[in-house]
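The next block holds one structure in the form of C-alpha cells; read it before the comments.
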Amino acid sequence: MLNWWKKRVKVLGLNERNLLYIRQYNSRSAKQIADNKIITKKVLAKAGIPCTKIIHIISSKAQLRIFELNELPKSFVLKPANGVAGRGILVITKKNSDGDFVKADGGVLTHQRLFLHIQTILEGKFSLKNKPDIAIFEDRVKLYKGFKDYTYMGAPDIRILLFKRVPVMAMIRWPTIDSLGKANLSEGAAASGIDIATGITTHSIKESKNGRITNIEYVAGTKIRYSGVKIPYWDAILKYAVKSAGASGLGFCAVDFLIDDNKGPLIVELNARPGLRIQLVNEDGLKGRLRQLRFIKVKSDRHAIRLGKDLFGGEVDEEIEAIAGKKVISLIQPVTIFSKSGKRQITVKAKVDTGASYSSIDTDLAKKLGFRKTIKAFESYKVPPSFETKEEALKWAKRLHKTLIREYDDIIGTHVINSSSGHSYRIAVLLKCSINDKLLTIEANIRDRSQLDYLMIIGKNELEHFLIDPSK
C-alpha cells in the first residue's frame, strides 16, 4: 500500500464523496444527463463539444428482431445507454473471413452471440439498478499514433475530475495484456497521473484482478516509461471538460476522453459518481483539493482552468513560459500537421534540429496532406536526388526557382540543403501545424525521409517561438 495512503486526513472516502459532493453539488436532472449516454451526447452537441458519434440505437426487443447485423460497419463500439463501470461494453475491431465479429481482445462473436449480448443490454443487466436499457452503437475511435507504444490493443482513456467546473485531478488509463485491451483498472489496466498544468504523466500504478495496487514504471516487457508522456491537445481537453461540467450542470463529476488520431479529443461519457482510485494514481488525496474550492467563486470557464492549473498543477514549465513568453518543447516533439483542405490532421514525432535552418517533411507524408500534384510536377523536372557539390545544386536552383514559384501556387520557395549525405535541391511548401498547442504556419521542404527515424524535422527558423528542454 502506498505510504501516503496512511495520511487519511488527505483522502476522500466514499461516504464523504456521496454526502458532501455528489448529493450537494449534483442535482437530480444533472445526474440523469450523465447517467444516460444518449442524453449526454445531445447536451454536449448542443454546447458544441465534440464527443464520440452514435451510429445506431436499439431501444426495444421489437427493434432488435428486425435489425440486420450486416448493416453494421466492420468496426464499432457497443454499449448500454445507462451502463456503469464499463460493464457491457464491446469493442469490435473487424469482421473475419466467416463474417463474424472480432473483439479487441481477439475473441470472436458470431451474429447469434452478438444478438444475445444486445438482448442482455436491453434487459438491463449492465445498467443502473438493472432497469431495462438501450443498446448504443458508436463509431470506434482510431488510436492516436503517439500512444501506440504505451497501449495493448485498445485505446487509453483520459479522465478529468472536476469540482465547481475546476479541474482537480487527472489520469490516463492504459490498456494492457492483462486487461485484454480494456482501459479498466479493475481488469488489470495500468494508469498514470497527469499534471494538471502541463498535461504530462507522472506516477503510475497497476491493479491486479485481486485488487492489489502496485507502483510501476515501465510498459510491460519494455524500457518505455509511462511517466513523462505529454498528452496531446491538453488545453483543449481541459476546455471541453470544463464546458461539459457547465453544460450538464454537474458540480462534482468526471469527464472521460478518447483521442482520435484524426479528430482529436472526443468525450466518451460524463460520470456523476466518479471513483476514487484517481487519488492513488496521483499520490495525493482529494479532500484538501476540494476544500480549497468550496468557497471560491468561479467566474468563467477560463477562470476554472486557471484555478486548476495554479492550485493543483506543477509550476516549473508554466513559470518559465510565463517569464519567457515561449512554450517549452522537447528534442523529440509531437507535431500535429493540418492538410491543405483542413479536413484532416496527422500527428507525427518530429526531431527538433537546431543545426538545420529549414524544417522538412517526408514525401509520402506531404502527399497525404494534399501536395501530391505539386510533388508530381516537381518530379517531372527529373532533379537528381543528390549532388556531389553545392555548385551543382545551385545550378538547378538558378534554372528552376523562378519557374516553380511562378507556375505552382503550393511552392513558396526552394532550398539548397547541405548535409553529411551530400547536397540536394528541394521544393518548400507552407504547413499549418500545432506544436505544444501553439498554432503556426511553417515553411518546410519535402524529401524522402522513409528510411530515417523521423518523418519531420523542425528547423531553427521555426524555433523562435519555443524553449527547448533536452531532458524531456
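The values are calculated or read from the model by the stated rules, or taken from the named source; none is laboratory data. Quick caveat, the model's predicted, so the values are computed rather than measured. Note that each Cβ is placed from the backbone with ideal geometry, even for glycine, and that neighbours are counted across all protein chains shown.
Given the criteria hydrophobic (A, V, I, L, M, F, W, C) and either touching a residue at least 40 places away in the same chain (Cβ under 8 Å) or assigned by TED's automatic domain parsing to the domain that holds G199 (or both), does L431 qualify? Here the answer is yes, as L431 does meet what is asked.
G124 fulfils the conditions (1) in contact with a Pro (Cβ under 7 Å, 6 or more places away or on another chain); (2) surrounded by 22 or more Cβ atoms within 10 Å (Cβ to Cβ) except for a single criterion, (2).
Against the numbered list (1) within 30 Å of I200 (Cβ to Cβ); (2) surrounded by fewer than 18 Cβ atoms within 10 Å (Cβ to Cβ); (3) in contact with a Ser or Thr (Cβ under 6 Å, 6 or more places away or on another chain); (4) not charged (D, E, K, R), G422 comes up short only at (1).
Taking the conditions (1) modelled with pLDDT under 90; (2) within 28 Å of the chain's Cα centre (by Cα); (3) crowded, with 20+ Cβ neighbours inside 10 Å in turn, I177 satisfies each one other than (3). Exactly one residue out of A45, A30, A34 is touching a Gly at 6+ places or on another chain (Cβ under 8 Å) and in the same structural domain as D157 (by TED's automatic domain parsing): that is A30. Residues of region 346-394 that are more than 24 Å from the chain's Cα centre (by Cα) and hydroxyl-bearing (S, T, Y): T354, S357, Y358, S359, S360, T363, T374, S380, Y381, S386, T389.
For region 375-384, a residue qualifies if it is touching a residue at least 24 places away in the same chain (Cβ under 8 Å) and either closer than 17 Å to A444 by Cα or assigned to a helix (DSSP H, G or I) (or both), and the qualifying residues are I375, A377, F378. Against the conditions (1) farther than 24 Å from M153 by Cβ; (2) touching a residue at least 40 places away in the same chain (Cβ under 8 Å); (3) touching a strand residue (DSSP E or B) at 6+ places or on another chain (Cβ under 7 Å), K41 satisfies every one except (2). Restricting the first member to region 349-364 and to residues that are in the same structural domain as V335 (by TED's automatic domain parsing) and of a type in the set (A, V, I, L, M), and the second to residues that are assigned to a loop (DSSP other than H, G, I, E, B) and surrounded by 17 or more Cβ atoms within 10 Å (Cβ to Cβ), the beta-carbon pairs closer than 7 Å and six or more apart or on different chains are A350/Y454; A356/G459; I361/L455.
Residues checked against (1) in a loop (DSSP other than H, G, I, E, B); (2) touching a Lys or Arg at 6+ places or on another chain (Cβ under 6 Å); (3) touching a residue at least 60 places away in the same chain (Cβ under 8 Å); (4) buried (at least 17 other Cβ atoms within 10 Å of the Cβ):
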residue: V255; (1), (2), (3), (4): no, no, yes, yes
residue: L266; (1), (2), (3), (4): no, no, yes, yes
residue: V281; (1), (2), (3), (4): no, no, yes, yes
residue: F295; (1), (2), (3), (4): yes, no, no, no
residue: R302; (1), (2), (3), (4): no, no, no, no
residue: G308; (1), (2), (3), (4): no, no, yes, yes
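With respect to T214, is the statement that it is touching a Gly at 6+ places or on another chain (Cβ under 8 Å) and not charged (D, E, K, R) true? It is false that T214 is touching a Gly at 6+ places or on another chain (Cβ under 8 Å) and not charged (D, E, K, R). Of the residues making up region 310-339, just one is at pLDDT 90 or above and not in a strand (DSSP E or B), namely S339.
Screening region 9-57 for residues that are charged (D, E, K, R) and within 17 Å of K79 (Cα to Cα) and picking the one that is nearest to the chain's Cα centre (by Cα) gives K53.
The residues on offer are G106, G83, and the sole one that is out of contact with any Cys (no Cβ under 8 Å at 6 or more places or on another chain) and surrounded by fewer than 20 Cβ atoms within 10 Å (Cβ to Cβ) is G106. As for region 208-229, it holds at least one residue that is closer than 20 Å to V328 by Cα, surrounded by fewer than 17 Cβ atoms within 10 Å (Cβ to Cβ) and touching a residue at least 60 places away in the same chain (Cβ under 8 Å). For the condition surrounded by fewer than 15 Cβ atoms within 10 Å (Cβ to Cβ), over 30 Å from I346 (Cα atoms), modelled with pLDDT of 85 or more and not assigned by TED's automatic domain parsing to the domain that holds I267, S97 does not qualify.
Each residue in region 167-182 was checked for being closer than 24 Å to L250 by Cα and outside any strand (DSSP E or B), and 0 of them qualify. Listed by first and then second residue, the pairs linking a residue in region 53-80 that is assigned by TED's automatic domain parsing to the domain that holds T110 to a residue that is part of a helix (DSSP H, G or I) and of a type in the set (F, W, Y), with Cβ atoms under 9 Å apart and 6 or more places separating them unless they lie on different chains, are L64/F115; F67/F115; L69/F115.
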